[in-house]
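Colleague: Below is one structure. I have some questions about it.
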Amino acid sequence: MPGANAQNVKAVVLLSGGMDSCVCAAIAIQEYGAEHVALLHAGYGQRTQKRERQAFESIADFYHVQQRLVVQLDHFRAIGGSALTDSAIVVPEHQHISETAGADEIPVTYVPFRNAHFLSLAVSWAEVIGAHSIYIGAVAEDSSGYPDCRPEYYRVFQELIGVGTRPETNIEIATPVIALKKSEIIRKGIELGAPLHLTWSCYQSDDVPCGVCDSCLLRMRAFAEAGASDPISQCGAAARS
């Protein structure tokens, strides 16, 4: 049975505050309506944690979503092993994942098994509030570097949900942008009127985007390929010079 805090919620959206998850939220809201969507945000000790939380709240406010859950996964910082959570590991600049990581080389910005933790939280919450869908903004274009962005990862996790929840539970993982290029995600976001101006992509700065980390470079290239202007400046490096 759904928990007492259920409000006829049909979908839980994992919303980091980045472009992909923002467009994912826009797709879920288009399908179900904001009143039937719940937004979940997880901080994990990442460098831009405070700024990503701000982006999450701003996007949630934009859509007037009332059902929100924010959790803190501090163990990721204790575990380390990623440039996003360990200050001793430098975030690469002026490179791209496809240029620095082959099929057997994982970039230093990979957070070990992170998405499994996020999905587990979403499944737990969805089961309690009676939601039937979990939206996550995974992109296969990233999967050459990040193993937890691969389509097969979500197919296997779907099987886990089936055997690890109540018999009457029916939760499906939705990955609506997984087959899209970053530029296509931007076009989709523009088409849906998603608040891309509220998103945050930079890996290492929480005031002005650095413009040189992988995530900033991906964002700049994607907007250029989409023939659109980025609503937030990605020229942090130039601005500081």
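Colleague: Is there a residue in segment 16-39 that is part of a helix (DSSP H, G or I), touching a Lys or Arg at 6+ places or on another chain (Cβ under 6 Å) and surrounded by fewer than 22 Cβ atoms within 10 Å (Cβ to Cβ)?
Modeller: Checked segment 16-39: at least one residue is part of a helix (DSSP H, G or I), touching a Lys or Arg at 6+ places or on another chain (Cβ under 6 Å) and surrounded by fewer than 22 Cβ atoms within 10 Å (Cβ to Cβ).
Colleague: Among the candidates ASP74, ASP61, single out the residue that is within 26 Å of PRO231 (Cβ to Cβ) and surrounded by fewer than 17 Cβ atoms within 10 Å (Cβ to Cβ).
Modeller: ASP61
Colleague: Restricting to segment 13-71, give me the number of residues that are over 21 Å from ASP206 (Cα atoms) and of a type in the set (Gly, Ala, Ser).
Modeller: Residues that pass the stated criteria total 6.
Colleague: Also, I was wondering about something else. Scanning for something within 13 Å of VAL13 (Cα to Cα) and either under 13 Å from the mean Cα position of the chain (by Cα) or modelled with pLDDT under 95 (or both), does segment 138-156 turn up at least one residue?
Modeller: If we filter segment 138-156 for residues that are within 13 Å of VAL13 (Cα to Cα), which is where we start, we get 138.
Now restrict to residues that are either under 13 Å from the mean Cα position of the chain (by Cα) or modelled with pLDDT under 95 (or both): 138.
Yes - at least one qualifying residue is present in segment 138-156.
Colleague: For segment 170-182, how many residues are among the aliphatic types (A, V, I, L, M) and outside any loop (DSSP other than H, G, I, E, B)?
Modeller: So the first thing to find is which residues in segment 170-182 are among the aliphatic types (A, V, I, L, M), and the list is 171, 173-174, 177-180.
Retained after the next criterion (residues that are outside any loop (DSSP other than H, G, I, E, B)): 173-174.
Number satisfying all stated conditions: 2.
Colleague: Can PHE76 be described as over 16 Å from TYR203 (Cβ atoms) and among the aromatic types (Phe, Trp, Tyr)?
Modeller: On the way: over 16 Å from TYR203 (Cβ atoms): no; among the aromatic types (Phe, Trp, Tyr): yes.
So PHE76 fails the test.
Colleague: If you don't mind, another one. Among all residue pairs at least 6 apart or on different chains, which show Cβ distances below 8 Å where the first residue, located in segment 223-241, is among the polar types (S, T, N, Q) and the second is modelled with pLDDT under 50?
Modeller: SER233/ALA239
Colleague: Could you grab the pairs with beta carbons closer than 6 Å, sequence gap of 6+ or different chains, first residue in segment 30-51 and within 16 Å of ILE129 (Cβ to Cβ), second one surrounded by fewer than 17 Cβ atoms within 10 Å (Cβ to Cβ) and at pLDDT 95 or above?
Modeller: Here the result reads ALA34/HIS64; LEU39/ARG68; LEU40/LEU69; HIS41/VAL70, each pair linking segment 30-51 to a residue that is surrounded by fewer than 17 Cβ atoms within 10 Å (Cβ to Cβ) and at pLDDT 95 or above.
Colleague: While we're on this one: Does ILE59 meet the test of being in contact with a helix residue (DSSP H, G or I) (Cβ under 9 Å, 6 or more places away or on another chain), touching a residue at least 40 places away in the same chain (Cβ under 8 Å), assigned to a helix (DSSP H, G or I) and closer than 22 Å to PRO176 by Cα?
Modeller: It is true that ILE59 is in contact with a helix residue (DSSP H, G or I) (Cβ under 9 Å, 6 or more places away or on another chain), touching a residue at least 40 places away in the same chain (Cβ under 8 Å), assigned to a helix (DSSP H, G or I) and closer than 22 Å to PRO176 by Cα.
Colleague: I'm trying to understand the selection: among the residues of segment 62-86, which are closer than 27 Å to VAL9 by Cβ, part of a loop (DSSP other than H, G, I, E, B) and of a type in the set (Val, Ile, Thr)?
Modeller: VAL65
Colleague: Got a number for residues in segment 130-169 being of a type outside the set (A, V, I, L, M), outside any helix (DSSP H, G or I) and either in contact with an Asp or Glu (Cβ under 9 Å, 6 or more places away or on another chain) or surrounded by 15 or more Cβ atoms within 10 Å (Cβ to Cβ) (or both)? Give the steps one after another, and end with the answer.
Modeller: If we filter segment 130-169 for residues that are of a type outside the set (A, V, I, L, M), which is where we start, we get 130, 132-133, 135, 137, 141-155, 157-159, 162, 164-169.
Add one more test, that the residue is outside any helix (DSSP H, G or I), and what stays is 130, 132-133, 135, 137, 143-146, 150, 165-169.
Restricting the remaining residues to those that are either in contact with an Asp or Glu (Cβ under 9 Å, 6 or more places away or on another chain) or surrounded by 15 or more Cβ atoms within 10 Å (Cβ to Cβ) (or both) gives 130, 132-133, 135, 137, 143-146, 150, 165-166, 169.
Matching residues across segment 130-169 total 13.
The values are calculated or read from the model by the stated rules, or taken from the named source; none is laboratory data. Note that the coordinates shown come from a computational prediction; the quantities given were computed from them, not determined experimentally. For neighbour counting, all protein chains shown are included, and Cβ atoms are generated from backbone atoms with ideal geometry for every residue, glycine included.
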